[in-house]
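These notes concern the structure reproduced below.
Just so it is clear, none of the values below were taken in a lab; they were calculated from the coordinates. Remember, predicted model here, so these are calculated numbers, not experimental data. Cβ sites come from the backbone with ideal geometry, for glycine too, and all protein chains shown count toward neighbours.
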Amino acid sequence: MKIHQTLIMIICLLVGSQATCLAQATVKPDVKITEKGLGKIAGNVVDSISANPVEYVTVALFKMPDLIKPVNGAMSDDKGKFTLSELVTGSYAIKISSMGYQEKWITAPKVDDNTVALKNVKLSSSARLLNEVSVTGQASLIEEKVDRLVYNAEKDLTAKGGDATEILRNVPLLSVDLDGNVSLRGSQNIRVLINNKPSTILAASIADALKQIPADQIKSVEVITSPSAKYDAEGSGGIINIITKKNNIEGMSLTIDSGIGNRASTLGLSGSYRKRKFGINLNGSGRAIYNKAIYDFTQHTILTDITTNQYSNAKHLGGFGNYALGLDYDLKKNESLSAGVRFGTRGFSRKQDMSVSQQVGNAAPTLSGRDIDSKDFANSVDVNLDYIKIIRPQTELSISTLYSRADLTNNSDASLFSASRQLQGTQKNDNKSNNQEATIQADYTTPINKFQLLEFGAKGIFRSVKSNYSYSFSQAVTSPENLDITGGNLEYGQNVGAAYLSYMLTTRSKWTVKAGARYELTAIDASTRKTGKINIPTYQNLVPSIAISKAAGPFTFKGGYNRRIQRPGIQQLNPNINIVNPQNLMTGNPQLRPELTDNYELSSSGPVGKFYINAAVFTRQTARAISQVRIPIDSIEGATLTTYRNIGKQHDYGANLYVSWQILPVWSVNGSIDAYYSILNGVSAGRDGANIAVTNHGWYANKRFMTQISLPNNWKVQANGMFNGKALQLQGRMGGYMLYSFGFRKDFKGNKGSLGITGDNIFSKSIKVSGDFSSPLFVQTTRNQLINRGVRLTFSYKIGKIGTDVKRKTKGIKNTDVKEGEGN
């Protein structure tokens, strides 16, 4: 009882009503037994679905016909059993209630000087605290919860045979560019999780990591726009959680997924086995891509009056693998232990045949050529061990641990030629880096009563990043022993300690409030051989959050505020200079500071006839915003260096509209539009070498459309399209583009498998994306053309013995951490 009172006192500090809470904690139920008899009522309470005992339910006894004031009461034990004794002769009604279950009234047989047995009183589950709303007519595709939107990717036909990137392109609120960079409401400052867990391969590059995850393995995608205090404070734009398929069944099953196309092919195998207390899941998948692209780059350096034109044909070859093993074991009825190992591998190669033209003023241009071979390899491993104990319904303790490591290799070789294709020299850049993390986390959740829920916990993240890089340059006649070699390194250690408290209240009038605060302390130790120790002070952040929702008939209204921080990622920190394109070099900045963002959001959703509508408005205010900037290089004629800086402030104002229409029971249509207005304030290099203030502002919009029809004999057809507008950056804009696809699928009898075909951009050979950037010192234009016309054939089949579903609680670490680099 003392623990319960202490928890209520904590809630008092949050809601500011100490007197009321003290009364709730100390006043006992008004149960008064005026007479004593020899009668008894004994029984047990079980879950209506699983038939498992329900622990610690509240049992109130009423003497009929008075159903207002209880005359006796009890609580069930850990086996669901209860006893009401010393009852006088008469008729009684019993009210049984428990957190997470619907309240139940039963009338007991007449009590005399005997014992009345009530066997297996069944309680039905209640989602009162979850306050979830399923989309009318589109519940199979979109679900909306108090703090997130859930996209059920299993129903997306056109993405089958593709990768996670193609799934995310169809998710409302998200946009994905041709390089695979993901934005949430126009912001790339997000955190992507896999099954509620981070991965070091995601920390290195979200775009590359998403290519490793086949679409066929994705069950759903959660877009969390209002993260509670339970989540890490990272990800100023929000959190994306990718849930992969897992067979929680009694028995054994095996599923084969495959796809072959003119641009990519996939092969996946997943299986599971469960027998009573023990379960095992194993899945592996491989994906190969082969594609072509054209890159066109033009830059005019104003001070030197140099114009550079580059044109290249490129071939993309890549192999991606993702393999996971999961084990779980029930130690006791309410205690379980789970462990997992996930291994990812990536091998990507890009070969370019580049021609270069450089002109000073009106003089004749100088022609040259470059053959470039870039390689991007990565291996990652994640190992987790999680423990969870369900003390009673919705009261649980979990302890999670995670170790992750990613080893990355980013190398490039270039051969330099004259206009007549005579070899002039070579350039080489080798960059090996690794990123490892160790994390431990403890969480405790307990209800205060049937309308209140409390969560609190602590977490520690210990991260280490290392990068070693070298360059070598030679003339055509130089021997390997006389190469000009230089290089550098980065050692970056980051330790984060955090604690949080979160409170959730649901009222009878259908209001839900979830409020909390999270404290994080970050200590950084960074150094390079060139600069020595980098002075980055330890910093601390208190990040509050609140989400409020109100159900009014079929409609739900929501509002929220949260503060987020965004730490720079390895791509943005790594000082290695990518010299693949000598006129547009790229590097990170190890002196970056985290950015701080305040998010505000209002939304409304509900059915209108056969339509379901979700509308939202939001604003973001970001200090020390991290952004790409381009700087002219004096030592290389006509060249610029693209890097990252804390540019200053960024203000975003936006609105989202999602509409779905169930035209017929077998035909649905949905679409969305996301529009944002951004204002960026920063600095840029001026003509005299000093920094000058720069402001850029403008609109940015994304549009999507999807329709799906179920035909006789288990045939389904789907079509979807999307348009990404021009993305705003401090010094210009990256152009927009359009994608569309059509898909057909035949499901086999008994849902044993399927056969399908999908076409992407079949009426256009390629997609062209342009970018325009400028400053007082340069004007730059890029034109990228990706060959995107594709057709793929997909096949899946499931074998095995399928038994009764086993519903299990799972826990895992959620490092919603670290900002990613932007693509070009």
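Could you list which residues have their amide H under 5 Å from that of ILE302, counting only those 5 or more apart in sequence or on another chain, with H placed in the peptide plane?
When sequence neighbours closer than 5 places are left aside, the close amide H contacts are PHE778, VAL779.
What does the highest-first list of 498-511, 458-471 look like by mean Cβ count within 10 Å?
The densest-packed peptide leads the list: 458-471, 498-511.
Starting from the Cα gyration tensor of region 536-611, take the square roots of the eigenvalues, sort them a ≥ b ≥ c, and report rounded, prolate or oblate (rounded when a/c is under 1.5, otherwise prolate if a/b is larger than b/c, else oblate).
It comes out oblate by the Cα gyration axes.
Kindly identify region 35-123 as rounded, prolate or oblate by the Cα gyration tensor criterion: order the square roots of the eigenvalues as a ≥ b ≥ c, call it rounded if a/c is under 1.5, otherwise compare a/b with b/c, prolate if a/b is larger, else oblate.
prolate
What shape does region 296-421 have by the C-alpha gyration tensor, where a ≥ b ≥ c are the square roots of the eigenvalues, rounded means a/c under 1.5, and otherwise prolate means a/b greater than b/c and oblate the rest?
prolate
Which whole-Hz ³J(HN,Hα) couplings does region 116-121 yield from phi under the Karplus relation 6.51 cos²θ - 1.76 cosθ + 1.60, θ = phi - 60°, glycine and proline marked x?
With coefficients 6.51, -1.76 and 1.60, one gets 9, 9, 10, 9, 6, 5 Hz.
Give, as a single signed number, the net charge of other residues whose beta carbon lies under 12 Å from the beta carbon of GLN621, with Lys and Arg counted +1 and Asp and Glu -1.
+2
Using Cα positions and a limit of under 27 Å, work out the lysines in reach of LYS510, with same-chain residues fewer than 8 apart set aside.
List returned: LYS28, LYS69, LYS95, LYS104, LYS122, LYS145, LYS230, LYS450, LYS550, LYS558, LYS610, LYS809.
Search the structure for amide H atoms under 5 Å from the amide H of LYS81, placed 1.01 Å from N in the peptide plane, and list their residues when 5 or more places away or on another chain.
VAL45
Structure shown: which of LYS375/LYS746; LYS375/LYS726; LYS197/LYS315; LYS351/LYS716; LYS79/LYS219 lie over 31 Å apart, alpha-carbon to alpha-carbon?
Long pairs (Cα-Cα over 31 Å): LYS375/LYS746; LYS197/LYS315; LYS351/LYS716; LYS79/LYS219.
Would you pull out the residues with amide H under 5 Å of THR244's amide H, same chain only if 5 or more places away, H placed 1.01 Å from N?
ASN195, LYS219
Residue by residue through region 385-390, what is 3J(HN,Hα) from phi via Karplus (6.51 cos²θ - 1.76 cosθ + 1.60, θ = phi - 60°)? Round to whole Hz and write x for glycine and proline.
So the J values, rounded to whole Hz, are 9, 10, 10, 9, 10, 8.
In whole percent, what relative contact order does region 35-123 give with Cα contacts below 8 Å and a gap of six or more residues?
40
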